[in-house]
Amino acid sequence: MSEEFKKEEINGEAAEKTKAAEHTEEVKAETTAEQSAAETEKPQETAEAPKAEEKKTTTYSWVNPKISGKTGEENNSASYTGEPDPSEAKAERTSSAKTEHYQYQSQTQSAPKQEKPQFSAVPQPQDHKKKAKKPMSAAKKWGMTLAMAACFGLVAGGVFIGTAAVGTKVIGTATEQKQEVTIPTTTTTTAADSSDTSDTVKATGEMSVKDVASSAMPSLVAISTTTVEEVETFFGTTSQEVPASGTGVIVGQNDDELLIATNNHVVSGATSLSVSFIDDETVEGQIKGTDADNDLAVVAVKLSDIKDETKSQIKIAVMGNSDDLEVGDQVVAIGNALGTGQSLTSGYISAKDRTISSQDESTGETITSEGLIQTDAAINPGNSGGALLNMNGELIGINEAKYSSTQVEGMGFAIPISKAEPILQNLMNLTTRYKVSDDEAAYIGINMADVSADVSQNYGIPTGVCIMSVVDGSPAADVGFKKGDVITTFDGRSISNAKGLKETLTYYAAGETVDVTVQRADNGEYKEVTLTLTLGSAADMPQTSGSSNGTTNDGTGSSDQNDQGIQNPFGNR
């Protein structure tokens, strides 16, 4: 080999070594920069740093292991790929120098494309080591469990306490409202304690008239009603509203209502009814039940409609024993005389167990009342339904009527409380009803006539409403009503005439089921029969012609053919 060729070869090798050295420096610089960036993002322990640097250096040395004639330098960190033979590498470099130079340039240009995926895969083992967690100790586990249990207990306890608080508030409010509406009773000498300083009570054991009035007044109410009456005028018969007034006595209460006793004739036929208390507070009332035979009724007022201030002033009357009365006992009568407000009169028991007859102005029917207390205490129009009190302040009678005549003076009558109390108790237990709308109106399906007290006495027929005929296909026919049956009660309410039955029916809707008591003739005597009736709809009621005998279904006895007589199915209003 010539010296020139050797020089060229030596020069070529020197140039390659120079380029290889430069490339090695670049690779090292890049490796150092990337390693610094990796250490900044994910710092590692000092003991692991040399290994990481060694791995990254090895990775970049693997890109071109033939760029240097010094194989020791190239294979310094490539032990994991197998260390190449130095002599073999030299021979290959000598025979293909130009090709190697081309490969170097090609690999140098493509090297940046290979650096990123090779670099990104290297830190993964380090991340795996860093994410590894130490097992939790038993003490820490127990601590975590207890903490979670405590949190659960606190949340559950809070929910329970909150629910209980809301429930207590709601229930407690309702209880408080019920307690607030508990009306006290009037004061009597039997209820008075030793602290009573009344001289009259201390001397006689009885109250004075003044004491009785002071005690009883909070239990008295004024009742105002409006009724619709037929009035004959020059142009014919017209309807007009007629106001009326009476008195009531507070005799009890239930959970929702204040209960007031009065006379049936005070509220009979009323289209509207209002009650005024001792403080002149006026609220709407409803007829809870009536007993026309005994001229008694109960009016209900919703406690929720009464102001708290009024509740604090009213009282429930204490009932006495009218059987203990004797002629000559002093009594006090209180009532809404002439509708001007509560007034008081005083007198004595004139007689007991009296019977009187009076005529109902609206129907013309004769009403007979038995077993009454007679007193000379003035009982004027408007006093009806008021209180007759003894000198202990106890209620012993419900004022009913005054005998009115130019030949009579000072004769008033009251229903004894011993007779009235069980009747009132039965009426107070009835369900308070409200008039239904026209589209809910009901009918029974009977033609009827009144059995007056005179007819009852002369022919032995029970007082009530006599069925003259039953309409085919009607609710009455379906349950077995018969001609000649006399209706005496309807759903527990006393029935004495057709007008009362019609009025009662206005409080029941079509489709309701009620028990109706009738007196039925059987072998010369009347026996009580109870029929369960489902009311029909007034819209389905058949229409028939007028009366053939002139007896009307309201008991007036009118022969006016324009009126709806007993031949019309019951239910017309």
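The values are calculated or read from the model by the stated rules, or taken from the named source; none is laboratory data. Note that this is a predicted model, so its numbers are computed, not measured. So basically every Cβ, Gly included, is an ideal-geometry build from the backbone, and we count neighbours across all protein chains shown. Heavy atoms of the whole protein, side chains included, go into the accessibility calculation; ligands, DNA and RNA do not. Shrake-Rupley method; radii C 1.70, N 1.55, O 1.52, S 1.80 Å.
Numerical summary
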read-out	value
Kirkwood-Stokes translational diffusion coefficient of the stretch 229-291, alpha-carbon pairs, 4 °C, 1.567 mPa s, µm²/s	93 µm²/s
14 Å tail of the calculated P(r), the stretch 459-522, as % of Cα pairs	59 percent
Model label zone, ALA509; criterion: amide N under 17 Å from point 7 Å along Cα-to-beta-carbon; scope the stretch 425-460	431-443
Ranked order, PHE413, PHE152, PHE234 - accessible area, probe 1.4 Å, largest first	PHE234, PHE152, PHE413
Heavy-atom accessible area ranking, 1.4 Å probe, most first, across TYR348, TYR507	TYR348, TYR507
Set LYS311/LYS502; LYS311/LYS499; LYS288/LYS352; LYS419/LYS499; LYS210/LYS311; LYS307/LYS502 screened for pairs whose C-alpha atoms are more than 28 Å apart	LYS311/LYS502; LYS311/LYS499; LYS288/LYS352; LYS307/LYS502
Angstrom value of the Kirkwood radius, inverse mean 1/r, which spans all Cα pairs in the stretch 279-344	15.3 Å
